[in-house]
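Step one of this worksheet: look at the structure below.
Each reported figure results from applying straightforward, stated rules to the coordinates on display, with no laboratory input. These figures come from a predicted structure and were not determined experimentally. Glycine also receives a Cβ, built like all others from the backbone with ideal geometry; neighbour counts cover every protein chain displayed.
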Amino acid sequence: MLYSEKKRHQKMINIEMNDPGLDWSLSGFTSADLVAVARIGEGEEEIGDGSSAKKNSSKGDTILNESVGATNTELVEGDEKRKKSKKKEEREVEKEKELVEREKKLMDTDILPTSREDFDRLLTGTPNSSHLWIRYMSLFVSEKNIDKARAIAERALNVINFREEDEIFNVWTAYLNLELSFGTAESLSSVFERAVSNCDALKMYKQMVRIYQNAHKIEEADALLEEMLKKFRHEDLDVWFICGQHFMQTKRFDKARELLKKATKSLPQKHHVVVISRFAQMEYKFGDSEQGKTLFESILSAYPRKADVWFVYIDMLIKSSKIHEARQVFERVTSINLGTHNMRTLFKKWLDMEEKCGNEEQQKLVKERAVHYIEEVTEKMDL
């Protein structure tokens, strides 16, 4: 079955993962995330105003009732008491308004919480916000109070609703980074074991690998990748790709190529095209483009009508600035009828390349070949 370009890309398993680095900033955190807190603040202000008015009215009525038949002096004293009471209530309302205004400022991404009171107030309204919990942890990290930062992580894990899996995952990620930076091997291992038990185990393994990679802990990443392969090699192709990319990025190309051989021996035949294609892409990105070319050619010699492989192969050549080779591949693939939709996409991609990297003569050649293809298809339809 042939797919559109969009579906072809969706079909390929993505090598890249979300960056789990311990970013104590709230980049990307907008005030929209704090709408619930804003509403609570506004509600409190309205309640404050209403209760103040009732208190003021009640006190005024009492004074007035007590003032019936009173002397002018007593009335003046009553007025002074009312004024004092009113000023007190006004101060309370003003204080409440200041608190609400502070909350509104805290909702601005450029004005972040800076005190425990600020965090507690915001988290009362948004207890499931991993961004706020992580920022709260960072407050204590900046104060070099690592135990308190741990306590905030534990508190977050207890408070965040269990259905908020992504938020919980973010907190575990921050907790792991915290232990890697400030804890011991034992404390890190303990937190990781708990994280694996309480989250998607495979997802957490992948995240921990990336954490090690970001910290340039190559040996630790190697050990965890080996463990991950043993546990999940038959469940998820991604573990092979992550491991292969790790070897490529650390310049251990022979290990990556041995891993590919191991993958094709361990995995069912139906996965071989995807696996070989992914390792071929890695060769172009991180290793030897000739090795990548060999892998792509091995697939296409066995499966010449795999349109998605042709497209990826061409993309790798163009991205590697191998325009002459890409042109040769275009000539080959457009001589095979891969279906009208795929052929139209191929000719368009080829023409785009020639407009950017070729000349008018080469552009003319592409157009002529496209017209020739259309004429052939039309002729067959007429028959």
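Worth pointing out:
- Residue pairs, from the table Lys322/Lys349; Lys144/Lys206; Lys293/Lys319; Lys230/Lys306; Lys262/Lys285, whose Cα atoms sit over 19 Å apart: Lys144/Lys206; Lys230/Lys306; Lys262/Lys285
- Over the stretch 178-279: Kirkwood hydrodynamic radius from C-alpha pairwise inverse distances, Å: 14.4
- Cα gyration tensor category, rounded, prolate or oblate, for the stretch 105-178 with a/c compared to 1.5: oblate
- Cα shape, the stretch 290-362, gyration tensor, a/c 1.5 rule: oblate
- Relative contact order of the stretch 274-383, defined on C-alpha pairs under 8 angstrom at six or more residues apart (%): 16
- Whether the stretch 250-383 is rounded, prolate or oblate, judged on the alpha carbon gyration tensor where a/c under 1.5 counts as rounded: oblate
- Assigned charges on the beta-carbon of Lys, Arg, Asp, Glu; the stretch 105-254 dipole about Cα centre (debye): 140
- Spacing of the modelled spin labels on Ala302 and Glu375, each 7 Å from Cα toward Cβ, amounts to 3.9 nm.
- Using only side-chain charges placed at the Cβ, +1 for Lys and Arg and -1 for Asp and Glu, the dipole size of the stretch 307-383 relative to its Cα centre rounds to 260 debye.
- D (Stokes-Einstein, µm²/s), Kirkwood Cα radius, the stretch 186-229, 0.692 mPa s at 37 °C: 314
- Average Cα contact separation per residue, the stretch 248-309, under 8 Å, 6 or more apart, as relative contact order %: 29
- Measuring r between the beta carbons of Glu193 and Lys87 and using R0 = 56 Å, the FRET efficiency lands at 0.40.
- Segment Asn359-Val273, length gained on full extension (0.36 nm per residue, minus Cα span): 27.5 nm
- Ranking Ser266, Met228, Val171 by Cα position along the charge dipole of the stretch 166-286, where only Lys, Arg, Asp and Glu carry charges on their C-beta atoms, puts Ser266 farthest toward the positive end.
- Placing R0 at 25 angstrom, the Cβ-Cβ distance between Thr126 and Asp200 gives a FRET efficiency of 0.55 after rounding to 0.05.
- Annotation: for a label point projected 7 angstrom from Cα along Cα→Cβ of Lys144, residues of the stretch 175-189 with backbone N closer than 17 Å are 181-183.
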